[in-house]
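> The structure's right below; bear with me while I get my questions together.
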Amino acid sequence: MLVKKVCMVGPFAVGKTSLVKRFVESIFSDKYHTTIGVKVSKKKVELAQESMQMMLWDIEGVDVFTELKSSYLRGASGVMLVIDGTRPTTIRQLNELLSLVRSYLQETPVVILANKFDLTNEWKLSQDDATKLRENGLTLIETSAKTGAGVEEAFAALAQAMLRECDSKTAE
Amino acid sequence: MSKVLQDLIKQLGIVVFRLADDQTLESVSSYPEWLIHLSKAADSPISVDDTFLSFDQIGHSFPFLSNFLIDAELFWSNEREHDKTDSGVWTEVDALGQEYQLEARALFAENEKILLIENVSQNFEERHLVYQKARDMALLNEKLISELNFRQRKLQSDIERHLSLRNPIDELNRTVESNTSAVLVCLPDGDVELYNKALINIYEIGNDQKIVRASMLDKWIAEAEHNHPEIHRILKSGSYWEGEFETFDADNNQKWIRLSIGPVKNDAGEICHFVCVANDLSDFRKVSDDWGNISDYDFNTHLPNRRQFWKHISQTCESGQKSDEVIALMYVDLDYFKHINDQHGQFAGDFLLGTMASRLSRNIKHGDYIAHLGGDEFVILLRYIKEPEDLVAVGERLLVTVSEPINLDGTPIRVSASIGIATTEISQTDPHSLLRNADLAMYSAKELGRGQVRLYTEELERNPPKRSQREHELLVAIEKQQFVLEFQPQVCMQESRGKRVEALVRWQHPEHGLLSPAEFVGIAEESGSIVPIGDWVLMSACVSGKLLVDSGDSTCVAVNISAKQLSHPEFYNKLTNVLRKSGFPATHLEIEITESSFLSDMDKAIDVLHRVRALGIQVALDDFGSGFSSLNYLKRLPVDYIKIDRSFIHDLPDDNESRAITTSVIHLAHQLNMKVIAEGVENKQQLEFLREHDVDFVQGFYYFKPMPLAKLTSLKSENW
């Protein structure tokens, strides 16, 4: 079975832990419980070709107290870059976080999750911005850890991308 | 190891390994229960008898550790900068769902390479609670600040717009009266024209309104300058300023306000009003202070803010009172930030600031200190300087990182910065003077043309940057009409489509001779005097054009119109008046605008251009490609000509990128039924390339230099 390290990266309070909990344990809590440091969870994913064990590194959000430790990204096969679609400050941080990730992991697949999609009245990520990101070749998926919308799809997309990357490296 | 020590380590919840010669980890203490317990949950149990563990074994039980062991090995094998390296906290979960917080350290003890893993769960709750509350607070503050800033900036801009349209000030009463933000509108000498109840409430001055009448503006500036010494310079230059500072009410009670001051200018480019909007942040500050460093950080850039900067520099100076160490302060100011903010909006502006903060932070060395003073200004305090000359190299390195492209709204743009540097011995440091000197040097860098690094010298005190003097001279030049026009022909490349010239302004300076636009247009644009200068150019060009028409020469005259002229509410009326007074046919006039004309309000600019074209006037888009060029909006613009920026022509025909851009612009313009003018053509190779690619007109020294009207009229027709 393939074992792949996946890093959950993003500003604080965007729902990284909730997404992992939804994906791994199918549960959700409305209460914001901040993460300190890292928590590693595992989830087995069945792909058409083979099974994959995802090692999900839920990394503490970036804020005034905490920078993203580059060493946490080492050896990652995939990155989930999470923003909160209702908070403009987190949307603005997206490009720089993406650059930061790219400076350490040039070829590694990255999937962008715009989370809290259930809060439709507060949604701030414009269709234009979303389209531009997609036009730039990025995979952007609107998710809701609360309802589960888009969550399975997002992890499946990343798993497929990691598998393709793995195959292309093998072919080389 | 003694049994006492073994027992102590166990009680502390610590496990200690020594790196053995065979690169395995040898346990030098017995395993605590939590380690055995957690390794069972991980399906790769560690037994109490496993004295030696391979990296793989420990990595199977604790995947997080396999990553940290790479850092540990690096630490053990290299020269040591620090005495230990740690992993940071991570969380493991046992089979029952119980969470354990662990932390690992690599260190040396008696020359042995030691790995220590500690169970920090016991104190974790308290630590978590602090972080939890701090982040809850940060979320709340993020929301409050975002709403407050939005409301304050909107009110400020509404009032400024009202006044710039020359509407009566009394009409503002209704908007301002019940607003929760304090508003004060005053004349440049501080005389109050308008204020509201919220201002009275902040200062608790009851019916005694003397404090308001006695120049509130002066009071604010005096209070703000302690932490914002640059406020004088910014207001003097006629720019917008905003910041937070301590203020005192009528009973001398301390308060904390956020104040913005915006100048409004008259047609002559002189400041006629200051619009001030303030909000009382005292309650917000009090709550923030309870959470210590939250109020010391900027929410957008995540950097220490001005308040924290003063704390830091004061502590630095106190701790180094007996030291002869030299410290340096770099004042970094982004160039043209306001333009970017206006074009792309406040959110994009904030994103740009966050990005620049991140780039600057990544490019300073360990031990240096960076803060975001507010607006587009950052400071970096540098210590342990070997050679002061190296500082310029550091500054230039920062300029390079700032200028890397950044993606705003899908458009990659580049920004530059101006950097001023002041140095001093730490024992003699007066923080306020140091900041003031760095600010003066930065301002001097701006004067030198931006995108530069400048060191503070005493010479700057004796000969401060010339801008204010040059601004004054410009006002005199407008009054005494010290400007002259020259004309540069644009040569048609296809079958003749008529003769065309561009009118170019020169300043006949009484001391410095004939000055080119590059030497004064920038200052004129920032000070607002570009509007009266532009008015003069328009009228003179039309009068000259009429002389050409009257002499039987139906030349089309192109006149540069600045963004400020075009956005002026009276522009259209002024234009029609000029045509009427000069008698110059509208069909012979062309106005050249730049992309910056569309920065503040694209729809409004387009509307004006439609009305201008309806008069028969042609429109050219100048310097295309040099600024925020976006092909997306090109099709929306009512323009007849595109002028390719000279920087692309300069590199023709050898440079691949210039070739590609030039041919693409020509092709695209023709598809959109626009004509193309290439400016800055200086040699035959450039001309041949442009001719081959169907450019419509060329302008440049290869054919003609700019010339006075008399010389133009003597040119033989067949020559152009």
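> Which percent of the accessible area of segment B:3-119 is formed by carbon and sulfur heavy atoms (probe 1.4 angstrom)?
Working: 2920 of 6180 Å².
Answer for segment B:3-119 is 47 percent, counting heavy atoms of protein chains only.
> Take every DSSP beta bridge whose two residues both sit in the protein assembly as shown, then give the antiparallel share in percent to the nearest 5.
Values: 97 of 146 bridges.
Counting DSSP beta bridges with both partners in the protein assembly as shown, the antiparallel share is about 65 percent.
> Place the peptides B:156-167, A:14-25 in order of packing, highest mean first, counting for every residue the other Cβ atoms within 10 Å and averaging per peptide.
Numbers: B:156-167: 16.5, A:14-25: 22.6.
Going by the mean number of other Cβ atoms within 10 Å, highest first, we get A:14-25, B:156-167.
> Can you give the average number of partner chain beta-carbon atoms within 10 Å of each beta-carbon in peptide A:37-43, as a whole number?
Working: counts 11, 8, 8, 9, 2, 3, 0.
Mean shielding count: 6.
> Continuing with the same structure: Non-local amide H neighbours of B:L281 (under 5 Å, H modeled in plane, Pro and chain starts lacking H): which ones?
Here B:W256, B:I257, B:R258 satisfy the definition.
> Are there any GluC sites (Glu not before Pro) in segment B:49-125 that are in a DSSP loop and have at most 14 other Cβ atoms within 10 Å? List them by number.
Working: sites: B:E73, B:E79, B:E81, B:E92, B:E99, B:E103, B:E110, B:E112, B:E118, B:E125; in loops: B:E79, B:E81, B:E110.
Within segment B:49-125, the qualifying GluC sites (Glu not before Pro) (loop, at most 14 other Cβ atoms within 10 Å) are B:E79, B:E81, B:E110.
> For chain B, what does -39500 (n - 2.57) per DSSP helix run (n ≥ 4), summed and divided by total residues, give at 222 nm, in deg cm²/dmol to the nearest 500? Could you put the intermediate results ahead of the total?
Working: 28 runs with 310 residues, N = 720.
Helices in chain B give a 222 nm mean residue ellipticity of -13000 deg cm²/dmol.
> A further question on this structure: Round to the nearest 0.05 the FRET efficiency obtained for B:H312 and B:A109 when R0 = 22 Å and r is the Cβ-Cβ distance.
Working: r = 34 Å, r/R0 = 1.56.
For R0 = 22 Å, the calculated efficiency reads 0.05.
> Kindly rank B:275-282, B:580-587 from highest to lowest mean number of other beta carbons found within 10 Å of each residue. Intermediate results must be reported in sequence, preceding the final value.
On the way: B:275-282: 22.2, B:580-587: 15.0.
Per-residue Cβ counts within 10 Å, averaged per peptide and sorted highest first, yield B:275-282, B:580-587.
> Can you give the mean number of other chain Cβ atoms that lie within 10 Å of the Cβ atoms in peptide B:128-136? Write down the numbers at each step before the final one.
Details: counts 4, 1, 2, 8, 4, 1, 5, 10, 3.
Whole-number average of other-chain Cβ neighbours for B:128-136 is 4.
> I need to check one value: relative contact order of segment B:3-119, counting alpha carbon pairs closer than 8 Å and at least 6 residues apart, in percent. Please list the in-between numbers first.
Numbers: 185 pairs, mean separation 29.4, N = 117.
The value is 25 percent.
> Related question: Which residues of segment B:52-73 show a drop of at least 50 Å² in accessible area when all protein chains are present, compared with their chain alone (probe radius 1.4 Å, heavy atoms only, ligands and nucleic acids excluded)?
Buried by 50 Å² or more upon assembly, which counts only protein chains, are B:P63, B:F64, B:N67.
> When the Cα centres of segment A:98-159 and segment B:351-374 are compared, how far apart do they sit, in Å?
Spelled out, the Cα-based centre of one part sits 27 Å from the other.
> What is the magnitude of the charge dipole of segment B:479-719 about its Cα centre, with +1 placed on the Cβ of each Lys and Arg, -1 on the Cβ of each Asp and Glu, and no other charges, expressed in debye to the nearest 20? Walk me through the numbers before you get to the answer.
Numbers: 24 positive and 33 negative charges, 175 e Å.
That gives segment B:479-719 a dipole magnitude of about 840 debye.
> If each of B:L672 and B:T713 carries a label point 7 Å out from its Cα toward its Cβ, how far apart are those two points in nm?
A separation of 3.8 nm, rounded to one decimal place.
> Can you list residues whose amide H is under 5 Å from B:C556's amide H, if they're 5+ apart or on another chain and H is modeled 1.01 Å from N?
Here B:K499, B:R500, B:V501 satisfy the definition.
> Another one. If amide hydrogens are placed 1.01 Å from N in the peptide plane, which non-local residues have theirs closer than 5 Å to the one on A:T66?
When sequence neighbours closer than 5 places are left aside, there are no close amide H contacts.
> Keeping all protein chains in position, work out how much accessible area B:L172 exposes to a 1.4 Å probe, and write it in Å² to the nearest 10.
B:L172 has an accessible surface of roughly 10 Å² with all protein chains in place.
> Moving on. Using Cα atoms only, what is the angle between the long axis of helix B:346-362 and the major principal axis of chain B, expressed in degrees (0 to 90) to the nearest 10?
50
> Residue by residue through segment B:49-60, what is 3J(HN,Hα) from phi via Karplus (6.51 cos²θ - 1.76 cosθ + 1.60, θ = phi - 60°)? Round to whole Hz and write x for glycine and proline.
Calculated HN-Hα couplings, in order: 8, 6, 6, 10, 10, 7, 4, 5, 4, 5, x, 5 Hz.
> How large is the charge dipole for the protein assembly as shown, taken about the Cα centre, if only the Cβ atoms of Lys, Arg (+1) and Asp, Glu (-1) carry charge, to the nearest 20 debye? List each step's numbers first, then the result.
Working: 95 positive and 134 negative charges, 402 e Å.
In total the dipole reaches around 1920 debye.
> Computed FRET efficiency, Cβ-Cβ of B:E425 and B:T51, R0 60 Å: what is it to the nearest 0.05?
Details: r = 57 Å, r/R0 = 0.95.
Computed FRET efficiency for B:E425 and B:T51: 0.60.
> A further question follows. Which value, to two decimals, describes the C-alpha radius of gyration of chain A once divided by 2.2 N^0.38 Å?
Numbers: Rg = 15.1 Å, N = 172, 2.2 N^0.38 = 15.6 Å.
Ratio of Cα Rg to 2.2 N^0.38 Å: 0.97.
> Once phi is turned into θ = phi - 60°, what whole-Hz ³J(HN,Hα) does the Karplus curve with 6.51, -1.76 and 1.60 give for every residue of segment B:682-690, x standing for Gly and Pro?
For segment B:682-690, the Karplus-derived couplings read 10, 9, 5, 4, 4, 4, 5, 4, 5 Hz, x marking Gly and Pro.
> Please give the calculated 222 nm ellipticity per residue for chain A, where each DSSP H segment of at least 4 residues contributes -39500 (n - 2.57) and the sum is spread over every residue; nearest 500 deg cm²/dmol? Mind showing how you got there, number by number?
Values: 5 runs with 61 residues, N = 172.
Helix contribution divided over all residues of chain A: -11000 deg cm²/dmol.
> Give me the compactness ratio for the protein assembly as shown, meaning the Cα radius of gyration over 2.2 N^0.38 Å. Intermediate results must be reported in sequence, preceding the final value.
Values: Rg = 32.5 Å, N = 892, 2.2 N^0.38 = 29.1 Å.
Compared with the compact-globule rule of thumb, the protein assembly as shown sits at 1.12.
> Right, here's the next one. So, for segment B:533-606, what is the accessible surface per residue at a probe of 1.4 Å, expressed in square angstrom? List each step's numbers first, then the result.
Values: 2760 Å² over 74 residues.
The answer is 37 Å² per residue.
> Highest mean first, what order results for A:73-85, B:128-140, B:564-576 on Cβ atoms within 10 Å? Spell out each step's value before the answer.
Details: A:73-85: 23.5, B:128-140: 16.0, B:564-576: 17.9.
The peptides rank, most packed first, as A:73-85, B:564-576, B:128-140.
> For segment B:1-69 and segment B:408-434, what is the centre-to-centre distance using only Cα atoms, to the nearest Å?
Centre-to-centre distance over Cα atoms comes out at 49 Å.
> Continuing with the same structure: Testing the spin-label approximation: label points 7 Å from Cα along Cα→Cβ at B:T401 and A:N121. State their distance in nm.
4.4
> Same structure, new question: Within 10 Å of each Cβ in peptide A:94-100, how many partner chain Cβ atoms are there on average? Round it to a whole number, please. Let's see the in-between values first.
On the way: counts 1, 6, 9, 1, 1, 6, 2.
Rounded to a whole number, the mean comes out at 4.
> Ordering A:K116, B:K143, B:K446 from largest to smallest accessible area (1.4 angstrom probe), what's the sequence?
B:K143, A:K116, B:K446
> Continuing with the same structure: Loop-only GluC sites (Glu not before Pro) in segment A:86-150, please: DSSP not H, G, I, E or B, and at most 11 other Cβ atoms within 10 Å.
Of the GluC sites (Glu not before Pro), the ones in loops of segment A:86-150 whose Cβ has at most 11 other Cβ atoms within 10 Å are A:E107.
> Can you name the helices of chain A, as whole DSSP H runs, whose Cα span along the helix axis is 24 Å or more and whose Kyte-Doolittle mean is not below 0.0? List each step's numbers first, then the result.
Working: long enough: A:88-104 (25 Å, -0.09); A:151-171 (30 Å, 0.11).
What comes out of the filter, once short or polar helices are dropped, is A:151-171.
> Show me, for segment A:44-61, the HN-Hα J-couplings you get by feeding each phi into the Karplus relation (A = 6.51, B = -1.76, C = 1.60, θ = phi - 60°), rounded to Hz, glycine and proline as x.
Once rounded to whole Hz, the list reads 8, 10, 8, 9, 4, 7, 6, 8, 9, 9, 8, 9, 8, 8, 8, 9, 3, x.
> Once the cut-off is 50 Å, how many percent of the Cα-Cα pairs in chain B end up in the long-distance tail? The partial results should precede the final answer.
On the way: 84155 of 258840 pairs.
Percentage above 50 Å: 33.
> Kindly identify segment B:479-719 as rounded, prolate or oblate by the Cα gyration tensor criterion: order the square roots of the eigenvalues as a ≥ b ≥ c, call it rounded if a/c is under 1.5, otherwise compare a/b with b/c, prolate if a/b is larger, else oblate.
Values: a/c = 1.38, a/b = 1.18, b/c = 1.17.
Rounded, since a/c falls under 1.5.
The values are calculated or read from the model by the stated rules, or taken from the named source; none is laboratory data. Not measured: the values here are computed from a predicted model. So basically every Cβ, Gly included, is an ideal-geometry build from the backbone, and we count neighbours across all protein chains shown. Side chains are part of the model used for accessible areas, which takes the heavy atoms of the whole protein and leaves out ligands, DNA and RNA. Shrake-Rupley method; radii C 1.70, N 1.55, O 1.52, S 1.80 Å.
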